[in-house]
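Enquirer: My questions all concern the structure below.
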Amino acid sequence: MQQYQRDFIQLALEHDVLCFGDFTLKSGRQSPYFFNAGRFHSGAALAALGNAYAEAIIASGVEFDVIFGPAYKGIPLGAVTAVALAQKGVDKPFCYNRKEAKDHGEGGTLVGAPLKGKVLIIDDVITAGTAVREVMQIIQAQGAEPAGVVIGLNRQEKANDDTDLSAIQLVEQEYSIPVIGIVELDDIISYLKSEAASDALLQQIIDYRQRYGVSG
């Protein structure tokens with residue numbers, strides 16, 4: 001695990017973004033952990049978050065022309081990532097969308113830089129892949145192409161009971177692009193082991209991974 005990944009997990013724990021307990025997910029599954037990026041809501045936390053996204057992007061080696069932050073959570077995530085990348089010498093244009101078209105001023109649903117060339121999508125998680133598919137339609141409508149998706153956490157679990165693939169793996173297959181996670185569930189498990197977390201908590205997460213998890 002790289003230092004930026006350990007820093008990201010520590011940041012998520014400090015701000016209760018990564019919580020442990022008994023959570024009911026949209027899928028109906030009972031999860032022993034939950035990840036809510038909306039709790040990164042201070043200036044310092046957002047600065048550190050942007051740095052983690054930037055480090056993951058640089059480490060991946062993905063090539064792109066513009067950063068796109070889909071409404072709503074992707075907008076601040078894309079913005080802080082663009083700032084952090086610029087501070088590391090990678091200055092890229094940034095674009096985001098509105099949910100509803102504006103009928104005055106500049107109009108339309110896209111704000112910021114033109115959406116063209118290879119587009120790197122910034123978001124928090126991919127649960128079912130529905131939001132990503134909506135973004136793909138926006139990108140294709142502008143004549144651009146997706147370069148990849150960057151998310152905070154890869155849960156490494158099956159999209160549903162009818163497949164052995166995760167929503168992330170399905171997106172990668174469908175669009176032939178990489179989905180880059182700052183961390184994945186295996187990283188969280190490794191971190192908890194290194195920090196001597198309770199055996200009961202570790203076993204709950206490992207059991208969940210074995211029941212719903214995917215390889216890779």
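The values are calculated or read from the model by the stated rules, or taken from the named source; none is laboratory data. Bear in mind the structure is a predicted one, so any value in this text is a computation, not a measurement. All Cβ positions, glycine included, derive from the backbone under ideal geometry; neighbour counts span all protein chains shown. The protein model used for the area step is the full one, side chains on, heavy atoms only, and it has no ligands, DNA or RNA in it. Shrake-Rupley method; radii C 1.70, N 1.55, O 1.52, S 1.80 Å.
Enquirer: Amide H neighbours of Phe94 under 5 Å, counting only residues 5+ apart in sequence or on other chains, H built in-plane at 1.01 Å?
Expert: Hits under the 5 Å cutoff: Ile67, Ala113.
Enquirer: Now for a different question. Under the rule of at least 5 residues apart or a separate chain, name every residue whose amide H is placed under 5 Å from the amide H of Gly181.
Expert: Amide H neighbours of Gly181, under 5 Å, 5+ apart: Ile151.
Enquirer: Would you calculate, for the chain, the mean residue ellipticity at 222 nm contributed by helices, counting each DSSP H stretch of 4 or more residues as -39,500 (n - 2.57) and dividing by all residues, to the nearest 500?
Expert: Using -39500 (n - 2.57) per qualifying helix, the result is -13000 deg cm²/dmol.
Enquirer: Using the alpha-carbon atoms, what tilt in degrees (0 to 90, nearest 10) does helix 130-141 show relative to the longest principal axis of the chain?
Expert: 20
Enquirer: Right, next: What does the charge count near Ala56 come to, summing +1 for each Lys or Arg and -1 for each Asp or Glu among other residues with Cβ under 15 Å from its Cβ?
Expert: Net local charge, Ala56 excluded: -4.
Enquirer: Where a Cα-Cα gap under 26 Å defines reach, which lysines qualify for Lys26, not counting those fewer than 8 residues away within the same chain?
Expert: Within the straight-line cut-off, Lys26 pairs with Lys73, Lys99, Lys158.
Enquirer: When only the heavy atoms of the protein chains count and the probe is 1.4 Å, how do Tyr53, Tyr96, Tyr72 rank by accessible area, highest first?
Expert: Of Tyr53, Tyr96, Tyr72, the descending order of accessible area is Tyr72, Tyr96, Tyr53.
Enquirer: To the nearest 20 debye, what is the magnitude of the charge dipole of the chain about its Cα centre, counting +1 on the Cβ of each Lys and Arg and -1 on the Cβ of each Asp and Glu?
Expert: Dipole of the chain, to the nearest 20 debye: 320 debye.
Enquirer: A further question on this structure: For Asp7, Asp187, Asp91, what's the largest-to-smallest order of accessible area, 1.4 Å probe?
Expert: Correct descending sequence by accessible area is Asp91, Asp7, Asp187.
Enquirer: Next up: Leaving out ligands, DNA and RNA, what percent of the accessible area of the range 1-82 is carbon and sulfur, probe 1.4 Å?
Expert: Its accessible area is 51 percent carbon and sulfur atoms.
Enquirer: Work through the residues other than Gly74 whose Cβ is under 13 Å from its Cβ and net out their charges, Lys, Arg +1 and Asp, Glu -1.
Expert: Counting the neighbours of Gly74, the net charge comes to 0.
Enquirer: Which whole-number value in Å² is the accessible area per residue of the chain, probe 1.4 Å?
Expert: Ligands and nucleic acids excluded, the figure is 50 Å² per residue.
Enquirer: Hey, another quick one. For a quick check: with amide H placed at 1.01 Å from N, whose amide H comes under 5 Å from Ala147's, ignoring anything fewer than 5 positions away on the same chain?
Expert: Val119, Leu120, Ile121
Enquirer: If you take every residue apart from Val132 with its C-beta less than 11 Å away from the C-beta of Val132, what net charge results, scoring Lys and Arg +1 and Asp and Glu -1?
Expert: Net local charge, Val132 excluded: -3.
Enquirer: Specify which residue in the list Val66, Val90, Leu120 is farthest towards the positive end of the charge dipole of the range 29-135, using unit charges on the beta carbon of Lys, Arg (+1) and Asp, Glu (-1), about the Cα centre.
Expert: Leu120
Enquirer: Ignoring ligands, DNA and RNA, what percent of the accessible area of the range 175-216 is carbon or sulfur (1.4 Å)?
Expert: 45
Enquirer: With mean projected area of the Cα convex hull in nm² in mind, check (i) 12.4; (ii) 17.3; (iii) 13.5 and report the label derived from this structure.
Expert: Working out mean projected area of the Cα convex hull in nm² from the coordinates points to (i).
Enquirer: With a 1.4 Å probe and all protein chains kept in place, how do Phe20, Phe68, Phe35 rank by accessible area, largest first?
Expert: Sorted by accessible area, descending: Phe20, Phe35, Phe68.
Enquirer: At Asn160 and Gln142, where each label point lies 7 Å from the Cα along Cα→Cβ, what is the point-to-point distance in nanometres?
Expert: If labels sit at Asn160 and Gln142, their model points lie 3.0 nm apart.
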